[in-house]
Amino acid sequence: MEIYDPELYLTDLDFDNGLDEDEYEVEKILKHRRVIHEGVNSKIKQFCVFLNAYFKRVPPFCLFLQKRILEYYIKWKGFDDNWNTWEPEDGVYVS
């Protein structure tokens, strides 16, 4: 009886040669922003949004409760403006 081994049938096109993600070259950083991390408790987020609307500013204690991350709006080299994306700071590398 023959055992099927899928690795025997893989070609170079079937896998990414050990790379976790594709790498693209940045043409230009167009802008940046600080956003609330998605892991923040939704009730805290809703409460701070309410306070911001009521007081017309974010109360200081909300800033301590929320983890804010820096994101860059990236223009990718070789792609048109429709492909511009917001990327977190830790996902953009300088070579």
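List of remarks:
- Using θ = phi - 60° in the Karplus curve 6.51 cos²θ - 1.76 cosθ + 1.60, the 3J(HN,Hα) couplings for segment 28-35 round to 7, 8, 7, 6, 9, 7, 10, 10 Hz; x is entered for Gly and Pro.
- Here the contact order of segment 24-91, divided by its residue count and restricted to Cα pairs under 8 Å and six or more residues apart, works out to 43 percent.
- From the largest down, segment 24-91 spans 44, 22, 17 angstrom on the principal axes of its Cα atoms.
Laboratory data are not the source of any read-out in this text; all were calculated from the coordinates shown. Predicted, not measured: the structure shown is a model, and the values here were computed from it.
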